[in-house]
Amino acid sequence: NAGVMQNPRHLVRRRGQEARLRCSPMKGHSHVYWYRQLPEEGLKFMVYLQKENIIDESGMPKERFSAEFPKEGPSILRIQQVVRGDSAAYFCASSPPSIGSNTEAFFGQGTRLTVV
Amino acid sequence: QQPVQSPQAVILREGEDAVINCSSSKALYSVHWYRQKHGEAPVFLMILLKGGEQKGHEKISASFNEKKQQSSLYLTASQLSYSGTYFCGTGAGNQFYFGTGTSLTVIP
């Protein structure tokens, strides 16, 4: 059972381009969380999704950022018209439906986005 | 929604103790603790469920007080390998959020 897979691991974009980050949750996990981590800082919550449904997007910037978790395929975090301030590590975590029980959420290795 | 951790950062000498706190504004069902080494993904340490539970993992233990909606992570006789950023994760119903993080540095 593969862990949470994020790709690409490293992504370089020029200002104004689009960045698309992918997260494939662990098998059987229907919940996905996206976090952004700036250098030397903590994890900042962005969005929490279930398949075909956004549960909480209170941490997402109002513009340029969007996320989806379709019925089939990975969860996608999309950043349009990237700016230098978007440079960060973006982590995805997944969990089974009943996170309150004796289970844990698993993190992917992250995608390090660099905007030049 | 995101739980708040304190302190934000702490520096210890090898052998010293530390406490990291995690507080939530919502009623909690469970608390998870993770440690992240520089450049790596966070790794699960332990989970505490409702009921004033305490757990231990080597010399790292934790408590969970659901009435106060908070958890504490205790690191005793710290080792160099304990350095990293510690995150709590809190579960409430079907929702789960990771905390702001505490950077822990252990020096010789």
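The values are calculated or read from the model by the stated rules, or taken from the named source; none is laboratory data. Predicted model only: the values in this text are computed from it and were never measured. Positions of Cβ are backbone-derived with ideal geometry, glycine not excepted, and every protein chain shown enters the neighbour counts. Note: areas computed on protein heavy atoms with side chains; ligands, DNA, RNA excluded. Shrake-Rupley method; radii C 1.70, N 1.55, O 1.52, S 1.80 Å.
Peptides A:82-88, B:7-13 ranked from most to least packed by the mean count of surrounding Cβ atoms within 10 Å: A:82-88, B:7-13. For the pair B and A, the buried accessible area comes to roughly 2000 Å² in total, with a 1.4 Å probe and the value rounded to the nearest 100. For the protein assembly as shown, the percent of C-alpha pairs falling in each 5 Å distance bin, counted from 0 to the bin holding the largest distance, reads 1, 7, 15, 19, 19, 16, 11, 7, 3, 1, 0.
For the protein assembly as shown, the tally of Lys pairs with Cα-Cα distances below 20 Å comes to 14, considering only residues 8 or more apart or on different chains.
Note that region B:4-102, at 4 °C in a medium of 1.567 mPa s, gets a Stokes-Einstein diffusion coefficient of 96 µm²/s from its Kirkwood radius over C-alpha pairs. Each Lys or Arg adds one and each Asp or Glu takes one away; over the other residues whose Cβ falls under 12 Å from the Cβ of B:GLY91, this sums to 0. Heavy-atom surface analysis with a 1.4 Å probe gives region B:4-102 a carbon and sulfur content of 49 percent of its accessible area.
For region A:1-74, applying the loop criterion from DSSP together with a ceiling of 16 other beta carbons within 10 Å to the trypsin sites (Lys or Arg not before Pro) yields A:ARG9, A:ARG14, A:ARG15, A:LYS27, A:LYS51, A:LYS62, A:ARG64, A:LYS71.
A:SER30 sits among other residues whose Cβ lies under 11 Å from its own Cβ, and their net charge, with Lys and Arg +1 and Asp and Glu -1, is +2. Evaluated at q = 0.11, 0.18, 0.19, 0.24 Å⁻¹, the base-10 log of the normalised Debye intensity for chain A, with identical point scatterers placed on the Cα atoms, takes the values -0.32, -0.87, -0.96, -1.48. Surface exposure of the protein assembly as shown, expressed per residue as accessible area with a 1.4 Å probe, stands at 48 Å².
About the centre of its Cα atoms, chain B shows a dipole size close to 260 debye [charges on the beta carbon of Lys, Arg (+1) and Asp, Glu (-1) only; nearest 20 debye]. Taking the Cα centre of each part, how many Å lie between region B:69-84 and region A:11-53? Rounded to whole Å, the Cα centres lie 27 Å apart.
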